[in-house]
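Data block below; observations after.
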Amino acid sequence: MEVARRGVNAPPAVLRDLAAKAGIAFNGPAPWDIQVHDRHVYRRILTQGSLGFGEAYMDGLWDCEALDELFTRLLAAEVDTRLPGLARLRVLAEMARQQLFNLQNLRRAFQVAEEHYDLGNDIFEVMLDASMTYSCGYWAEADDLHQAQLAKLDMICRKLELQPGETLLDIGCGWGGMAQHAARHYGVEVVGITVSREQQALARQRCQGLPVQIELTDYRTLQGRFDKIVSVGMFEHVGAKNYPVYFDSVLRLLKDDGLFLLHTIGNHRTLRYADPWIDKYIFPNGKLPSAQTLCNVLNGRLLIEDWHNFGQDYDRTLMAWWHNFHRGWDELKTGLQDRYPRRFYRMWKYYLLSCAGFFRSRQGQLWQLVLSKRQRTRVYRSVR
């Protein structure tokens, strides 16, 4: 770029060197290099870290031909842990905030629905497959997104050993894809719960005629006993301070000989804070567990029958969502400019492709745990 050659957009040495550790250059020729349009990008990174980096992209101050590859390299080199100056202080402040306060208490439980899942079903209908499944697909034998999601749903049903006439609780049922599949193909009665009004309305519509109830409630208020329990892509919103009450709720709701399947994103190590940009713009109050954190809270509560990691499948899932969203953008924005302005498009692109890089770098994991009570006497046989 001509501006860069004159030195106006030349990065501070600390940022240039940090990017170089990941094989990235500012205004370089590679598709994963950062193309700077405004020198204020550097100040935002130095003072606000990942939040400033993401907001500057949303504002059009920088671009990158291959965002997914940019984040793969940044996260593989763990550049996010080496932020300089004021940016590091902001991370420490965020860490303190998330440690001191219960950001996922019952009063705040519906916030993530209001700010993310209730954005509009039209966004998700464009982006997701026909099953409306908003979690990682299983690509072992799949050729496309829909096949991968159906394979995942069916694998969950087989892992839970579902039998006709059993009752299944779906904690965080989304738009009803899991409930619909289990009721239709395995003959079970399903109670699905969500904190999103938009999800509840569409899930009820999609599950009409099936033995499925979709309720707008939090897991902490639920009563009853179920043969099997499943939770797909919801645990990320629970928060470490609530892990004990979450698993105690499962213990209370699960029959003694039952099974519980937990499908969750995980982090390769224990972190005491969530990414500030993701927290502000995508999943408020979210928090990813580590294997260590899960084992600590499960200790003395539930037995681990099976632990299945297929985190690299999330990279492929996210890229499929991105291509669907990009193809459907013109349809979304037509007549809806106020709801979906150009800045929203850049935000959503940044979200999907940065998350793809998160999993491609192997920082991100995707786990399915099958858990049981000690009272269960039957031998469990793992399913893949």
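The values are calculated or read from the model by the stated rules, or taken from the named source; none is laboratory data. From a predicted model like this one, the values you see are computed outputs, not experimental measurements. Here Cβ is always computed from backbone atoms with ideal geometry, including for glycine, and neighbour counts include all displayed protein chains.
With the condition kept exactly as written, say whether any residue in segment 328-336 is buried (at least 18 other Cβ atoms within 10 Å of the Cβ), under 30 Å from Val383 (Cβ atoms), in the same structural domain as Glu141 (by TED's automatic domain parsing) and more than 14 Å from the chain's Cα centre (by Cα). No, that holds for no residue. The test for being small (Gly, Ala, Ser), surrounded by 18 or more Cβ atoms within 10 Å (Cβ to Cβ) and either in contact with a strand residue (DSSP E or B) (Cβ under 9 Å, 6 or more places away or on another chain) or touching a residue at least 12 places away in the same chain (Cβ under 8 Å) (or both) does not hold for Ala130. Tyr246 falls short of the stated requirement of being out of contact with any strand residue (DSSP E or B) (no Cβ under 6 Å at 6 or more places or on another chain), in the same structural domain as Arg342 (by TED's automatic domain parsing), aromatic (Phe, Trp, Tyr) and not in a helix (DSSP H, G or I).
Determine whether segment 47-55 contains at least one residue that is modelled with pLDDT of 95 or more and among the aliphatic types (A, V, I, L, M). No, there is no match, as no residue in segment 47-55 is modelled with pLDDT of 95 or more and among the aliphatic types (A, V, I, L, M).
Candidates in segment 287-312 are the residues that are surrounded by 20 or more Cβ atoms within 10 Å (Cβ to Cβ) and not hydrophobic (A, V, I, L, M, F, W, C); of these, the one that is modelled with the highest pLDDT is Pro289. Remark: pairs (first residue in segment 165-193, not assigned by TED's automatic domain parsing to the domain that holds Phe124; second residue in a strand (DSSP E or B) and surrounded by 24 or more Cβ atoms within 10 Å (Cβ to Cβ); Cβ separation under 7 Å; 6+ apart in sequence or on different chains) are absent. Identify, from the list Lys280, Lys255, the residue that is in a strand (DSSP E or B) and either modelled with pLDDT of 95 or more or out of contact with any strand residue (DSSP E or B) (no Cβ under 7 Å at 6 or more places or on another chain) (or both). From the options Lys280, Lys255, the qualifying one is Lys255.
Scanning segment 247-283 for residues being in contact with a Gly (Cβ under 9 Å, 6 or more places away or on another chain) and hydroxyl-bearing (Ser, Thr, Tyr) gives a total of 2.
Residues are listed down the side, and each one gets a yes or a no for (1) part of a helix (DSSP H, G or I); (2) touching a Leu at 6+ places or on another chain (Cβ under 8 Å); (3) assigned by TED's automatic domain parsing to the domain that holds Ala148; (4) farther than 28 Å from Glu161 by Cα:
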| residue | (1), (2), (3), (4) |
| --- | --- |
| Leu261 | no, yes, yes, no |
| Gly286 | no, no, yes, yes |
| Leu294 | yes, yes, yes, no |
| Trp307 | no, yes, yes, no |
| Tyr314 | yes, yes, yes, no |
| Trp321 | yes, yes, yes, yes |
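For Gly165, the conditions (1) surrounded by fewer than 17 Cβ atoms within 10 Å (Cβ to Cβ); (2) in contact with a Gly (Cβ under 7 Å, 6 or more places away or on another chain); (3) modelled with pLDDT under 90; (4) not aromatic (Phe, Trp, Tyr) all hold with the exception of (3). Scanning segment 23-70 for residues that are under 26 Å from the mean Cα position of the chain (by Cα) and assigned to a strand (DSSP E or B) yields a count of 3.
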